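Worksheet: one structure, shown below.
The values are calculated or read from the model by the stated rules, or taken from the named source; none is laboratory data. Not measured: the values here are computed from a predicted model. Here the Cβ positions follow ideal geometry from the backbone for every residue, glycine too, while neighbour counts run over all protein chains shown.
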Amino acid sequence: MDLLILFLAIAASGAVAGVISGLLGVGGGIILVPAFFHAFHALGYEPAQLMQICVATSTGTIIFTSLRSVTAHAKRGAVDKGLILSWGPFIAVGAILGVFAAAALRSQQLQVVFGAIGVTLGLYMLLGKRSWRIADTLPGRALGGLYGWLIGFFSALMGIGGGSFTVPLLTAYSVPPHRAVGTSPGFGMLISIPAFLTFLATGWGIAGKPPMTVGYVNLPSVVLITGMTMLTVPLGVKLAHRLSPAHLRLVFALTILLLAGNMLRKGIWG
């Protein structure tokens, strides 16, 4: 019965994450990491690095979610392929380093990091003015490479697809919101693939892990979430192209604030 409840909870989270991924250009990790944490904790799986397992498992699902999302957005002409190719190598290197940084933290410390960064992003999207701009054009290769490295590092550290960083960053450089949302899952693939492989190769010898967890990755959850998100991502994409930029921004901000705020609370007070 406990396993059935776990599967149902994870499946429902996957369905929601798929819609959020297509709608907001994120990999769904902002939904999945808290969902995994609560599900595993409720069933009594409490290894010393539980949060790392949640982050790693989320990263595995982002590979397929991002692929589905970027393909759907590309059909609508909303993906900047040149930008993905330019920033891609820096993003991948940052993601690998982010995995090692996550592994070096205690589970509770990683909860605080996840929550604090998420709340900051949510507040920016909620309170920031649409008129705020860094520049009217995208930065050159040097600064773009630095942005890519930082996006990859913090996204892998949090188990998210990068959209939480790239959407506000690109819009601050005057990229239209729908194009920023469409390009973001392309970055998600470049984050999730190297991060996932690194998480698989690390995390051995940890006691108390959920069943069928390889390295830091719980494989059944990856398979279940992937199946659900493949079904619901197209719905999110359709919604993204029907909503106004203001509505997209509001949904994005409130989603992050709710989930990241709760994770920050748990990290600080338990």
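What number of residues within the range 128-167 satisfy the criterion of being loosely packed, with under 14 Cβ neighbours inside 10 Å, assigned to a loop (DSSP other than H, G, I, E, B) and not aliphatic (A, V, I, L, M)? Outline the logic, then answer.
First, the residues of the range 128-167 that are loosely packed, with under 14 Cβ neighbours inside 10 Å: 129-137, 140-143.
Subset that is assigned to a loop (DSSP other than H, G, I, E, B): 129-137, 140.
Filter once more, keeping what is not aliphatic (A, V, I, L, M): 129-133, 136-137, 140.
Selection size over the range 128-167: 8.
Is it true that some residue in the range 22-34 is surrounded by fewer than 22 Cβ atoms within 10 Å (Cβ to Cβ) and under 20 Å from THR183 (Cα atoms)? Lay out the reasoning, then the answer.
We begin by selecting, within the range 22-34, every residue surrounded by fewer than 22 Cβ atoms within 10 Å (Cβ to Cβ); these are none.
No, there is no match, as no residue in the range 22-34 is surrounded by fewer than 22 Cβ atoms within 10 Å (Cβ to Cβ) and under 20 Å from THR183 (Cα atoms).
Give me the pairs: first residue in the range 95-118 and under 19 Å from ALA195 (Cα atoms) and modelled with pLDDT under 95, second residue outside any helix (DSSP H, G or I) and among the aliphatic types (A, V, I, L, M), beta-carbon distance under 9 Å, and six or more apart or on different chains, which are they?
ARG106/ALA48; SER107/ALA48; VAL113/LEU105; PHE114/ILE160
Counting only residues that are aromatic (Phe, Trp, Tyr) and part of a helix (DSSP H, G or I), which one in the range 27-67 is farthest from LEU105 (Cα to Cα)?
Narrowing the range 27-67 to residues aromatic (Phe, Trp, Tyr): 36-37, 40, 45, 64.
Among the residues that remain, those that are also part of a helix (DSSP H, G or I) are: 36-37, 40, 64.
Details: PHE36: 18, PHE37: 16, PHE40: 19, PHE64: 27 Å.
For the range 27-67, the residue satisfying everything is PHE64.
Anything in the range 166-204 that is β-branched (Val, Ile, Thr) and out of contact with any helix residue (DSSP H, G or I) (no Cβ under 7 Å at 6 or more places or on another chain)? List them, or say none.
So the first thing to find is which residues in the range 166-204 are β-branched (Val, Ile, Thr), and the list is 166-167, 171, 175, 181, 183, 191, 193, 198, 202.
Once the filter is applied, which keeps residues that are β-branched (Val, Ile, Thr) and out of contact with any helix residue (DSSP H, G or I) (no Cβ under 7 Å at 6 or more places or on another chain), the range 166-204 yields only VAL175.
Any residue in the range 219-236 that is in contact (Cβ under 8 Å) with a residue 40 or more places away in the chain and outside any helix (DSSP H, G or I) sitting within a Cβ distance under 9 Å of a residue that is buried (at least 23 other Cβ atoms within 10 Å of the Cβ) and of a type outside the set (Phe, Trp, Tyr)? List the pairs, counting only those 6 or more apart or interchain.
Final answer for the pair search is none.
Any chance the range 17-26 includes a residue that's touching a residue at least 12 places away in the same chain (Cβ under 8 Å), closer than 17 Å to PRO220 by Cβ and assigned to a helix (DSSP H, G or I)?
Going residue by residue through the range 17-26, those that are touching a residue at least 12 places away in the same chain (Cβ under 8 Å) are 17-26.
Filter once more, keeping what is closer than 17 Å to PRO220 by Cβ: 17.
Add one more test, that the residue is assigned to a helix (DSSP H, G or I), and what stays is 17.
Within the range 17-26, one or more residues are touching a residue at least 12 places away in the same chain (Cβ under 8 Å), closer than 17 Å to PRO220 by Cβ and assigned to a helix (DSSP H, G or I).
For the range 69-79, give me each residue that is surrounded by fewer than 21 Cβ atoms within 10 Å (Cβ to Cβ) and part of a helix (DSSP H, G or I).
THR71, ALA74, LYS75
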